[in-house]
Amino acid sequence: MNPTSSTRTRPSAMERVRNVGNWANLSTPLGLAIARAGGSRIVRGPRGLTLAEGYRLGFPMAGAFTVGSVVITAHPTWAAAEAAWPGTLEHEEAHTWQWTLCLGAPFLPLYTAAMGWSWLRTGDRSSANAFERAADLALGGYVERPRISLADGVRRLVGLSARTSGARPNGGHGGRRADDAGA
């Protein structure tokens, strides 16, 4: 399905609650500001989502990410994003609910902590990240990595903190779509 086509589905009552909640907690206005700062074209999406296409800033390093009920992609269109990785929009839509449930801004430190925990336990930012797991790792293009012991994770953390180079900036994410941060 082309997410920007005229066959968009109308939001359900719960989806309207999500969207109102994300406006009230100010995460959707923040998402719109980020999308505009990144030069994105804003379009209406399915189920009351706001889609932003053609995001040009380098942060976050992601093929797609979500802020409130705004789903942002670096691809020129959402159709191109879905063609590159089917299921991207569905995965990102799950994050819109997480913004609602976290009451907006608390999502950011909670997601960051979940990325840290995942890196500590698996060597990548997604495999043990509760937010990415709840949004379906596979739909997000992530490969689930095996967990390592907490002691081994701490040893790796201590070893990396002493080095100034060699660590991958994305925390070692080696999934098929390493450019997707998911938030």
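Summarising the label geometry, the points placed 7 Å from Cα in the beta-carbon direction at residue 113 and residue 43 lie 3.8 nm from one another. In the stretch 1-141, the portion of solvent-accessible area held by carbon and sulfur atoms comes to 67 percent [1.4 Å probe, whole percent, DNA, RNA and ligands not counted]. Placing pseudo-labels 7 Å out from each Cα toward the beta carbon at residue 83 and residue 24 gives an inter-label distance of 4.0 nm. Listed values for the stretch 84-91 are Karplus-derived 3J(HN,Hα) couplings in whole Hz (6.51 cos²θ - 1.76 cosθ + 1.60, θ = phi - 60°), namely 5, 8, x, x, 4, 5, 4, 4, and x replaces Gly and Pro. Computed over the Cα atoms of the stretch 14-112, the ratio of the radius of gyration to the Kirkwood radius (Rg/Rh) comes to 0.93.
Remark: the stretch 51-170 carries 47 Å² of accessible area per residue (probe radius 1.4 Å; ligands, DNA and RNA excluded).
Quick note on the stretch 32-170: its Rg to Rh ratio, both from C-alpha atoms and Rh being the Kirkwood radius, is 1.00.
The values are calculated or read from the model by the stated rules, or taken from the named source; none is laboratory data. The structure presented is a predicted model; accordingly, all values stated were derived computationally and were not measured. Note that we place each Cβ from the backbone using ideal geometry, even for glycine, and neighbour counts take in every protein chain shown. Only protein heavy atoms, including side chains, enter the accessible area calculation; ligands, DNA and RNA are left aside. Shrake-Rupley method; radii C 1.70, N 1.55, O 1.52, S 1.80 Å.
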